[in-house]
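Structure first, commentary second.
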Amino acid sequence: MRLRFLLFSLWLAVFAGACAHAAVAVVIVSSERSPAYVEAAEALVSELERGGLSRYDMLQLTALEWAAAGPLAPKLFIALGTEAASALAKSELRAPVLSTLLPRSSFERVLRKSGRKSSSQFSALYLDQPLSRQLELIRLALPTARRVGVLWGPESQAQAPALKTLAQASGLDLIEATVGHDELLFSSLKSVLEDADLLLAVADPQLYNSSSIQNILLASFRAKVPLVAFSPAYVRAGALLALHVTPTQIGLQAATIARGVLLGKALSANPIYSLDFSVTVNEHVARSLGLTLDADALRARLRSREGLL
Amino acid sequence: MNYSFRLIALLGWTSLAAAQTPESVSEKDFLGDMPIVLSVSRLPQRLDETPGAVTILDRNMIRLSGARDVADLLRLVPGFQTSTSFETVAPLASYHGGFDSYSNRIQVLIDGRSAYSPYFIGSIGPGLQTVALEDIERIEVLRGSNSAAYGARAMLGVINIVTRHTVDTLGQQAALTGGENGIRDSQARIGWGKEDATYRLTVDRRADGGLVGSNGHNQISRINFRADLHPNVTDEIQLRAGSLEIDAGKGKPLNIDDPLRESFFGSGYAQLDWRRSLGEDEDVAVSLSHTEETYRDTFPYSLIPLGINDSINIEGSGRASNDTLSLQHTFRHGEALRVVWGGEVRREEVVSKPLYNTDAAFVTEFSRLFANAEWRLARDLVLNAGSMFEHSSVSGDSFAPRLMLNWHVAQGQTLRAGVSKAFRPPSTFEQYSNIRYFWNGHLLAVNTQASGKVQPESVRARELGYLGDFPWLGLNLDVRAFHEQISGFIRQQNTTPRDYANDEDFAIQGLEYQLKWQPWRDSQLMFNQTYTDINSSDQGSALAAPKLTSSITLFQKLPGGLDLSLMHQDSGTVTLQGANFRDQVAMTRTDLRLGLPLRFGPNRGELALVVQNLGVPYQDFSPHFQFQRRAFVTLRVEN
């Protein structure tokens, strides 16, 4: 009851805001109002406020509210999440759109479906981490590992050629297996775990989901092949470590980009990966595997490799 | 066998596969939650933080060893004495002394279920034969007293056999072995299932002609079933069932007290395990199991020497069973403390008219409460403190505490020191045996009559350990110095009739180490030595373990993927398990194995040649029995 009242007041505030500020500078459209989106939006809004923008210059909507909203003419649209990006892609907008809090393949799907191309009018800040950074982290965290196991599924397979090239350049061998549509991943997983020193998870909901993760983590732990994952939730579940960007980090970088646009700079025509990132380590798993890993030190070393410190 | 089939029928429904509609990648994959999988009890302690010395024999090592059963494999573990004889039901393995023809001072667990046989004076021999070698993921040998965690029978050590997860054994696999000494082994396995339910059924047979000079024609037949079910993300259910049959010839020619004859040992088990994860730092597990054993051994004894033109049957037949229910709670408190605590109730029943002169069942009920804490006092200091309180309906209460401190002196360098106390209550036989021979209702003789005065024997173990890891040298060292003070050692008395009593106090002390070295690519060299000194006043017990044993093992991958294994064992003078103190022999044995990996289409396999004991025959179990060279070939295929 209290929640409903709160949501209603929120809606009222937004609605009132929309009416009062038909000419807001930034419109932020979130796919939904669940914690990660709220966290990213909060970071974005506070950072913009810190840069001198007033809260009244910004308008926050969900994708659903956006569909019902009247015409708006801000200087920049920011989409948080795939659904929001998709909704904005379908609209005729005068201002540039920055899509963020979505992975690269989702953004590319949005482009394909809307017939758009990425440009300074429609660009993105990705949520997933570049493969090169993931390989660099592997080299830092597991220096003796040479054979990187990867499972490819229908959604992730497109990244296979890129990873192959990068792995070769870093002196790493790929132990790959492809899991077809509706195929069980057991046999592919088994063959990869037999030869690999670690398993690098590349997001693909057919392979990595809440019902398959148990078998994957248990099998890889039995084979003493640690899982290097793409989100902190996997680390909590039992992956050795993950490279990821937090919603706050995304919000902050989106704010920096937004400030540039408000100052007259164009959006980068090519979508970009996040500059900042986090490393999460499951210390219990590390200890059990006889490893000592320090997440902060790994992040710092990775940043300095990229010239960020 | 019944258990397995009944269970499979029961599971015929399989479970419904989680209908997962494949979606596209989105931010949900990166931001969504995941169930906790590697919760606290699933993460084993690191070898340099365990409260004692641990040797792990993994699947690869098991394959490369060429061993045909677990007992033979344990030769590779420092401090072990083994035999291949079936004279006392099944091949034996004991740690720090084979004090008699059975091995009853160490515990054997198969996936957490005790396979210690309560029949006779207690033995782990048949338990070691429970599962096919092909189904074993690894064997963890906890060298040293471990009653604080595993109860009274872990007085000197624990053999923890972990079978392969059914997810890892999907598909079909089969193996055939044939060779000298009548070796004819066969094994077949099938694994099936879906993401949330996987199953395995393995059937195997192991047969050979036994030791030269023995009435050997031994055959072990097994069937084992395992199911792993994940009804949801927090629960895990495992079902296991199986049966074991050992048909062995025993006895000696022209020996009226131990004539040539056939013996049979059969056992069956069913086990249900349920584990629920209560979060990252906490889970609970419940385990329920039932085991049954049958033993048949009978021979006619001529009464002509007594002036009677007839014969009587001398028998050791009977049956035993046990039921166990255990509950375990594991939790982590902050970064520094991890605790496992729980309880167990166990009921054992032994029935044997020939051994106890009654048809009544001897029931022993055990209740156990245990707690073990791993406390990280500092970054480089781990204290393992634990204890078990055990109540036996027959021999009363006992309390087995243990304290062990592991200090990581430097990266890869660990020192360990600790003390523990443990008890072994007398077995039903040692307590109640009453072997009488009758003819036509007349009592002819009383062979054994236990006075029942025997008390639990105890051990106070002190140890110092060192674990060194030198990755730049490819070298790894595990040293254990031990002093195991045994009090009230239970021994058969040379009285008429025979009895058991708490005989003497003595100490087993010594040092054992294992050096693992990777001198060059694709090779592994292991060197073990054990110095043991048993200061028993009994000459036989004093040499129940040799003063010095050494073994060296080389595994080398050759060009073409060929696996070469060379194993040499040199064991000092020891009292043979099935003989008396006058029969003391030393032995050397060298084994060779060559394995050729095979690949045809999606199928893989191996063709292996094993030659056991390349040198001269050595005496095993009895001075009349010899282990001669045995060469055999194994073909294994799987898809």
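Annotations
- Length released on extending from B:I312 to B:L381, taking residue separation times 0.36 nm less the Cα-Cα span: 18.4 nm
- Choice from A:A68, A:A219, A:A255 showing the highest fluctuation, given a GNM over chain A with Cα pairs closer than 10 Å: A:A68
- Using only Cα coordinates, the Kirkwood hydrodynamic radius of the range B:33-169 works out to 15.5 Å.
- Cα lying deepest toward the dipole's positive end in the protein assembly as shown, options A:Q159, B:A422, B:N146, charges on Cβ: A:Q159
- Hz values of 3J(HN,Hα) by residue in the range B:54-62 - Karplus curve (6.51, -1.76, 1.60), Gly and Pro given as x: 10, 10, 10, 9, 8, 4, 5, 5, 4
- Most mobile of A:S118, A:S86, A:S231 in a GNM of chain A (Cα contacts under 10 Å): A:S118
- Considering only alpha-carbon pairs that sit under 8 angstrom and 6 or more positions apart, the relative contact order computed for chain B is 11 percent.
- MRE, 222 nm, helices only [DSSP H, n ≥ 4, -39500 (n - 2.57), over chain B, to nearest 500]: -1500 deg cm²/dmol
- With both residues required to sit in the range A:66-214, DSSP beta bridges show an antiparallel share near 5%.
- Net dipole in debye of chain B [+1 Lys, Arg Cβ; -1 Asp, Glu Cβ; about Cα centre; nearest 20]: 800
- Likely footprinting exposure, B:V233, B:V382, fewest C-beta neighbours within 10 Å first: B:V233, B:V382
- Total charge dipole magnitude, the protein assembly as shown, about the Cα centre, Cβ charges on Lys, Arg, Asp, Glu only, Debye to nearest 20: 1880
- Inter-centroid distance (Cα atoms) of the range B:550-610 relative to the range B:448-489, Å: 26
- Label-to-label distance for B:F399 and A:R146 is 5.6 nm, based on points extended 7 Å past Cα in the beta-carbon direction.
- Note on chain B: Kirkwood radius taken over Cα pairs, Stokes-Einstein applied at 37 °C and 0.692 mPa s, translational D equal to 127 µm² s⁻¹.
- Rounded to whole Å, the principal axis extents of the Cα atoms in the range B:323-377 read 57, 18, 10, largest first.
- Each of B:H391, A:A141, B:S302 was placed along the dipole of the protein assembly as shown (beta-carbon charges, centred on the mean Cα), and the one lying farthest toward the positive end is A:A141.
- Shape metrics for the range A:142-211, restricted to C-alpha atoms - Rg then Dmax, Å: 11.9, 35
- Charged-residue dipole, Cβ positions (Lys, Arg, Asp, Glu), the range B:225-273 about Cα centre, Debye nearest 20: 220
- Each residue of the range B:291-305 is assigned a 3J(HN,Hα), and the resulting list reads 10, 10, 9, 10, 10, 10, 7, 8, 8, x, 10, 6, 9, 3, x Hz, derived from the Karplus form 6.51 cos²θ - 1.76 cosθ + 1.60 (θ = phi - 60°), x at Gly and Pro.
- The distance linking the range A:165-197 with the range A:40-106 is 38 Å (Cα centroid to Cα centroid, whole angstrom).
- Violating pairs (Cα-Cα greater than 25 angstrom) within the set A:K190/B:K557; B:K250/B:K453; A:K224/B:K421; A:K113/A:K190; A:K164/B:K557; A:K224/B:K194: B:K250/B:K453; A:K224/B:K421; A:K113/A:K190; A:K164/B:K557
- Remark: B:T298, B:T82 ranked as B:T298, B:T82, counting other beta-carbon atoms within 10 Å and listing the fewest first.
- Calculated mean residue ellipticity, 222 nm, chain A: -14000 deg cm²/dmol, from DSSP H runs (n ≥ 4) at -39500 (n - 2.57) each, averaged per residue and rounded to 500.
- Annotation: amide H-H contacts under 5 Å for A:T246 (H modelled 1.01 Å from N, sequence separation of 5 or more, or interchain): A:S278.
- When A:H284, B:H442 are arranged by Cβ crowding within 10 Å, least crowded first, meaning fewest neighbours, the order is B:H442, A:H284.
- Positive end of the dipole of chain B (Cβ unit charges, origin at the Cα centre): among B:T330, B:V345, B:F506, the Cα lying farthest that way belongs to B:F506.
- A DSSP coil position with no more than 13 other Cβ atoms inside 10 Å describes the following trypsin sites (Lys or Arg not before Pro) in the range B:580-634: B:R582.
- Long-range HN-HN contacts of B:E457 with modeled amide H, under 5 Å: B:R424
- For the range B:478-572: span of alpha carbons on each principal axis (Å, largest first): 64, 28, 16
- For the range B:492-553, applying the loop criterion from DSSP together with a ceiling of 14 other beta carbons within 10 Å to the trypsin sites (Lys or Arg not before Pro) yields B:R521.
- Summing charges over neighbours of A:L140, with a neighbour being any other residue whose Cβ is under 9 Å away from its Cβ, gives +2 when K and R count +1 and D and E count -1.
- Among the trypsin sites (Lys or Arg not before Pro) found in the range A:239-298, those both in a DSSP coil and sparsely packed, with 13 or fewer other Cβ atoms within 10 Å of their Cβ, are A:K265.
Quick note: the coordinates plus some simple rules give every number you see, no bench work behind them. This structure is a prediction, so every number in the text was calculated from the model and none was measured. Cβ: placed from backbone, ideal geometry, glycine included. Neighbour counts: every protein chain shown.
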